[in-house]
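See below for the structure under consideration.
The values are calculated or read from the model by the stated rules, or taken from the named source; none is laboratory data. Computed from a prediction, not measured in an experiment: that's the story for all the values here. Positions of Cβ are backbone-derived with ideal geometry, glycine not excepted, and every protein chain shown enters the neighbour counts. Note: accessible area is taken over every heavy atom of the protein model, side chains too, but ligands, DNA and RNA are not part of it. Shrake-Rupley method; radii C 1.70, N 1.55, O 1.52, S 1.80 Å.
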Amino acid sequence: MNELRDCLQELADGYASTTHAPGPAAARRRGRWRRRRTVGGLVLAGLLVIAASLGLVPALQGRQTPKPVAPPPGPAPVQVPRSTAWFQATYLPGGLRLVSQSERPAMRSGPFRRVAQSFRLVKGDGEFTVSVHPDLQRLEVARELRTYPTVRVVPVRGHQGLLFPRRPDNFYSGLIWEERPGLVMQVLGSQGVADQLLLHVAAGLRITDRPAAKVAITVGRRPPGWIRVGQGTNWPTIGEILMVLPRSHHQGFDQGRGGTTADLVITETRGQYGPLRSADKPKNVPVTRREAVTVHGYPALLDHDPVNHFLEVTWREPGGIELTVHAKEDLGRRQLLAVADGLRQP
């Protein structure tokens, strides 16, 4: 019992000693601790500012889990025209009337496609050219079907192809298809070549790969009487500089005088994207005046060539439609723009 009383007394004495009010020394210790904490915080803040200015903060955060990066947005879908109908003139000044119209393949300025093979009839008219399309890597059949008014979908070598058929007012017909991804083939016909001949030639082609991402084309099927042309010459055949796609629609107008050239020509070319073709005129074309105007609310280029005596305005409509109105200069600037503003799709 005596030992138990001694232990209890020691505990009571210890508790009494801790409950005494702190003296002046304890207050000084707490003051020094607060000052050290304030100074340390200021030093740490300064170091962080320096690290941020030197680009060290990202390195200090390198252990953090990186956030996933969103994939870049895909290319915007290419627009198609609102209508497959060609534009028609609603205003024609001075008794002008429509005298001709036709659809034509687009002409390519170069380089010439020496891989193209052209054939013509020994007796009679007719010519066709087989080639790889130099610009297209894919053929979007559904989009082209919504772009051109006369095109038809046909089977070609186990693929869906597009046929621009022979028509009385057209000098050219054409067949185009995607043989495989990255290889678009075409057969261009002229001078009244029958549609069935284009399909027959395409079905008999032998296409083999060659080094340097090239292909070799062998025309296996052609009726008797057809010979190859253009070999060993410096000048290409017409089929080597024309493409089945894109295509143009040409309308000629005059006053019935029967001249060699029309007084007014309206050209509509589809599948045109990027800068205007007229924005980069050849240097040898003597354009003395170029004017920025608007047609249908879209920016346009108006050119006046006093040497060749013509006026021309070019602009783009939605869906990759490029329109050009070309007229003899005596028509005048105001009348030319009135014709352009009057063009409408039926």
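Results, tabulated for the structure shown:
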| read-out | value |
| --- | --- |
| Two-site FRET efficiency, residue 210 against residue 84, from Cβ-Cβ distance with R₀ of 45 Å, rounded to 0.05 | 0.75 |
| Potential extension, residue 194-residue 273 segment - 0.36 nm per residue separation minus Cα distance | 25.3 nm |
| Vicinal HN-Hα couplings computed from phi for region 200-208 (Karplus, 6.51 cos²θ - 1.76 cosθ + 1.60; Hz; Gly/Pro x) | 5, 5, 4, 5, x, 5, 10, 10, 10 |
| Approximate shape of region 107-216 as ellipsoid semi-axes (Cα gyration tensor, √5λ), whole Å, largest first | 21, 18, 14 |
| Amide hydrogen neighbours beyond the local backbone of residue 173, cut-off 5 Å, H modeled | 189, 190 |
| HN-Hα J in Hz across region 299-310 - Karplus 6.51, -1.76, 1.60, θ = phi - 60°, x for Gly and Pro | x, 9, 10, 10, 10, 10, 10, x, 6, 8, 6, 9 |
| Accessible area in the full protein assembly, largest first, 1.4 Å probe, for 82, 180 | 82, 180 |
| Computed lengthening from residue 97 to residue 307, 0.36 nm per intervening residue step minus Cα-Cα distance | 73.0 nm |
| Calculated FRET efficiency for the pair residue 255/residue 227, C-beta based, R₀ 35 Å, to 0.05 | 0.20 |
| Spin-label pair residue 294/residue 157, simplified geometry with 7 Å Cα→Cβ offset, distance in nm | 4.8 |
| Per DSSP, loop trypsin sites (Lys or Arg not before Pro) in region 121-166 with at most 16 further Cβ within 10 Å | 123, 138, 146, 157 |
| Extended-chain gain in nm, criterion 0.36 nm per residue less alpha-carbon gap, residue 338 and residue 123 | 72.6 nm |
| Region 303-344 - Debye-derived log10 I(q)/I(0), Cα point model, q = 0.14, 0.19, 0.21, 0.33 Å⁻¹ | -0.32, -0.55, -0.65, -1.16 |
